[in-house]
Each structure stands twice: as structure tokens, then as C-alpha cells.
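The values are calculated or read from the model by the stated rules, or taken from the named source; none is laboratory data. The structure presented is a predicted model; accordingly, all values stated were derived computationally and were not measured. Counting neighbours? That spans all protein chains shown, and the Cβs are built from the backbone with ideal geometry, glycine included. To get the accessible areas, we keep the full protein, side chains included, count just its heavy atoms, and leave off ligands, DNA and RNA. Shrake-Rupley method; radii C 1.70, N 1.55, O 1.52, S 1.80 Å.
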Amino acid sequence: MTALAEAPAPEVRRGGSPARPLRMLVGIVGVCVVAWLAANVFLSLAYHPEWYLYNRVLMAVVGMIAGLGGSALLFYFVNVVIESLPQRASQGLIPYAFVLPAFALIGLMLIYPTVQTINYSFANNDSTRYVGFDNYVSIFQDQNFWLALSNNALWLLIVPAVTVAVGIAVALFPDRLSARGEKASKSLIFLPMAVSFVGASTIWGVLIYNANPRVGLLNAILGTTVDWIQEDTGRLNSLLMMVILIWMQSGFAMVLLSGAIKGVPDETLEAARLDGASEPQVFFQVIIPQIKGTIITVFITVVILVLKVFDIIYVLTNGNYGTNVIALMFFQELFTQGRAGRASAIVVILLILVTPILIYQVRHYRKEQGQ
């Protein structure tokens, strides 16, 4: 008994549980096999639809199973690898393991195509040899490019500002209604957001801008037979197409701005009114400064959308009648003209234009979070 009582206690390792190489190997093999299988399933959907009898429903089901099942298995095997490491290393790497697939997808879907597009912008039409800066020189010497760029600038000057202004207006006035009236009016204003750009363009082109006054509402009101989409005097057709985008995005602006306005403290408003401020002064000097962050967010979001605007012009004019924009010009160069090098160069230019806005948006968001 005395010997047993005096026996030393087993030593506990400070580093925690040791590594398990066999379990780690199983996890690594599992990750590789799952990634390989999932990638090949998606490639087969794209390149061999005959394997699925050209049945889109079957292809959708297979895609969902491969995506969801593959993600679950990938997380499982990554977790096996992490758990097979020594305890201290395992605890430190677990958070990264769960974000690793997301970062991998971002790299595959965003970073890799961006790098490849920049690479192809220095290549010839079929991307078989490099031609230096020839594509960029060709683009900057093309009058159609400068026309498209000026149209994008016009859209940028008008659409974001008008969208924010309309969003503020439609966020303010329904608040004066009853609760039921506010919900109904805001639902109707937000409804265009549920319509696709192609659908909205078709609706406006057929029912509003149609040259036949029996069909086109605008001509019926004015008593004219003008084909408004072809009317390029003063770029009127571009302005009319901007109305469609403003109509669609006003609901988005309204939702964010309405929430911001409701978040303004009532005490601030009451204090301003007690000091003798009129309602316009309360609005411009009290409400607007307090929702400035939301206004900037909405404005930048619409700016990015405008830089990429494509569907409306493609459906209504296909870039004719002086309405072409950069995104549509890229589509025409790649799929109509078959000039992959010039198309890639156009995309790179568009990326350069968007990047400063994205950087400003990120900095503004961080500043708002810091406050």
C-alpha cells in the first residue's frame, strides 16, 4: 500500500494530444478526392450535357448534390486534418479551416479570372500569342470606345444622383401615411426590384416608348409617333433608358434610406423644431447629415451598377443610335467580333475605373464601423 501510495503520478504533456499522421493522411486524401470529384462533376455538366440526356432538371439536381454534398464532405475532411494535428496547432487552425473553402472559391471565381483577363488583354484575338499593348492602342484609337465611355460618364452623372434623390423622396412621403398605407405604397415602389433588367426593358420599350401611339404610352400622351429609342438628339434615347434603371433602383434606395431616416432620434428633431427650424431646415440640416453614411452607401452601390450597365441597352438598342456603353462593347467584341484580346482590354479598363470606387467604399465602411 505504501509503495502504491508513493508511486509518481503519470506526467501530463503540456503540448496536449500528439499528432496522428495516419488520420491526417486520410483527411488529406479525402480533401483531394472530394475536390477532384466535385470539379469533374461541374466540368461534365458544362462540357458533356449528353451524359445527362440534355435534361436541365437532372443537371440542376446533380449540380445541387455535387455542390452541397461536396461542400459538406470537404468541411468534414478538412476538419479531420485539423483534428489530427497537435492540440495547440489544431485549436489555432480551426477558424481558418472553416473559411478556407470560401477563400478558395473566391480565388477560383474572382482572382484567377481577373489575372487571366489581364493576361489575355496583351494577347491576340484567339489568345495564342502576345501582342503587347496593341489592344489598348487599338481601343483608344477607336471612336466607338470614346462614345461608349462618354455614355457611361453621362449615366454616372445622372442615374446615381437621381436615384438617391428619388429614394429619399419616396422614403419620406409614405411615412406621413397610416401604417397600412405606408406598407402598401412602399411595397409598390419596391416591386420593380423583382423584375429582371431584360423584363423591365421589354416592358418600357413595348408599352412606354413604342412608336405606335395605340401601344406606346408616351406617344399616346403627347399625340406623336416618335420612335423614342432611336431619337439620339441630345442623347434623348440614353436619357430615356436611364429612367428605366432609376425606376428599378428607387425601391432599393427607398428601403435603405427609409430605415436610416427612422433611425434619426426624435429628440433631435423636436429640439430643432423648438429652436424655430422649419421643416425644410429640419430635413436638410438635421436629417440629411445624420443619414449621410447611408446616402453614400446607396450612391456608391448605384455607381458600380451603372458602370456595369448592359442589359437595358442590349435589349432596346444593342448599342445602336449612339447608346453604346463599355460593358456592351465588351460583349460585342468578344461574342460578335470574336476579338478576345480587345474584349479583355476593355474589361481591364472597366476594372480600373471601378477599383477606386470600391476602395473608397471599403474605407467608408470601415470608418462607419469605427464610429
For this session: May I ask for the percentage of alpha-carbon pairs in region 266-371 that lie more than 21 Å from each other?
Result: 57
Exercise. If you stretched the chain out fully between A97 and N119, how much longer would it get, using 0.36 nm times the residue separation minus the C-alpha to C-alpha distance?
Worked result: 4.8 nm
For this session: Sort largest first and round to whole Å: the equivalent ellipsoid semi-axes of region 206-322, each the square root of five times a Cα gyration tensor eigenvalue.
Result: 40, 18, 11
For this session: Multiply the residue gap between Q281 and Q230 by 0.36 nm, knock off their C-alpha separation, and tell me the result in nm, one decimal place.
Result: 14.0 nm
Exercise. Which of these, Q116, Q91, Q230, has the largest mean-square fluctuation under a Gaussian network model of the chain (Cα springs below 10 Å)?
Worked result: Q91
Problem set entry | 5 angstrom amide H check on A123, placed H, neighbours 5+ away | V131
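Provide the FRET efficiency to the nearest 0.05 for the R176-Y360 pair, computing r from the beta carbons and using R0 = 45 Å. Walk me through the numbers on the way to the answer.
On the way: r = 34 Å, r/R0 = 0.76.
E(calc), rounded to 0.05, equals 0.85.
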Exercise. When N is the residue count of region 261-314, what does its C-alpha Rg come to as a fraction of 2.2 N^0.38 Å?
Worked result: 1.66
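Leaving ligands, DNA and RNA out of it, rank H364, H48 by accessible area with a 1.4 Å probe, largest first.
Numbers: H364 20, H48 70 Å².
So, going from the largest accessible area down, we get H48, H364.
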Exercise. From the backbone phi of region 200-211, what are the Karplus-calculated ³J(HN,Hα) couplings (6.51 cos²θ - 1.76 cosθ + 1.60, θ = phi - 60°) in whole Hz, Gly and Pro given as x?
Worked result: 5, 5, 5, 4, 5, x, 8, 9, 10, 9, 4, 5
Exercise. What are the principal axis extents of the Cα atoms in region 68-107, in Å, biggest first?
Worked result: 29, 19, 10
For this session: Whole number in Å², please: accessible area per residue of region 278-348, 1.4 Å probe, ligands, DNA and RNA not counted.
Result: 42
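What's the whole-number percent of alpha carbon pairs in the chain lying beyond 28 angstrom?
Values: 45693 of 68635 pairs.
Beyond 28 Å sits 67 percent of the P(r) for the chain.
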Exercise. To the nearest 500 deg cm²/dmol, what mean residue ellipticity at 222 nm is calculated for the chain from DSSP H runs of n ≥ 4 alone, each contributing -39,500 (n - 2.57), summed and divided by the residues?
Worked result: -22500 deg cm²/dmol
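Taking only the alpha-carbon atoms of region 198-264, what semi-axes of the equivalent ellipsoid follow from 5 times the gyration tensor eigenvalues under a square root, in whole Å, largest first?
Working: eigenvalues 186, 32, 22 Å².
One finds semi-axes of 31, 13, 10 Å for region 198-264.
Over the chain, what percent of the accessible surface lies on carbon and sulfur atoms, probe 1.4 Å?
Values: 15210 of 22570 Å².
The value for the chain is 67 percent carbon and sulfur by accessible area.
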Seminar exercise, completed: The base-10 log of I(q)/I(0) that the Debye equation returns for region 48-173 at q = 0.09, 0.10, 0.13, 0.19 Å⁻¹, one scatterer per C-alpha, is -0.69, -0.81, -0.99, -1.04
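Convex hull over the alpha-carbon atoms of region 116-203: what's its volume per residue in Å³? Walk me through the numbers on the way to the answer.
Numbers: hull volume 14.3 nm³, N = 88.
Considering the Cα atoms of region 116-203, their hull volume per residue is 163 Å³.
For region 72-176, what does the accessible surface come to per residue with a 1.4 Å probe? Please give it in Å².
Numbers: 6290 Å² over 105 residues.
Here the residues of region 72-176 average 60 Å² of exposed surface.
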Exercise. Averaged over all directions, how much area does the convex hull of the C-alpha atoms of region 25-64 cover when projected, in nm²?
Worked result: 2.9
Seminar exercise, completed: With label points set 7 Å from each Cα along the Cα-to-Cβ direction at C32 and I221, the distance between them in nm comes to 6.7
Problem set entry | Cα Rg, Dmax, region 153-245, angstrom units | 15.7, 45
Exercise. In the full protein assembly as shown, how much of L53 is accessible to a 1.4 Å probe, in Å² to the nearest 10?
Worked result: 140
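With a 1.4 Å probe and all protein chains in place, put M193, M59, M254 in order of accessible area, largest first.
Working: M193 70, M59 40, M254 5 Å².
So, going from the largest accessible area down, we get M193, M59, M254.
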Problem set entry | Modelled label reach - L353, point 7 Å along Cα→Cβ, region 138-154 residues with backbone N closer than 12 Å | 145-154
Seminar exercise, completed: Taking Cα atoms, the helix 179-190 axis meets the longest principal axis of the chain at an angle in degrees (rounded to 10) of 90
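Whenever you get a sec, line up E50, E333, E267 from highest to lowest accessible area (probe 1.4 Å, protein heavy atoms).
Putting E50, E333, E267 in descending order of accessible area: E267, E50, E333.
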Problem set entry | Inter-label distance for L25 and L108, nm, one decimal - labels placed 7 Å from Cα along Cα-to-Cβ | 2.7
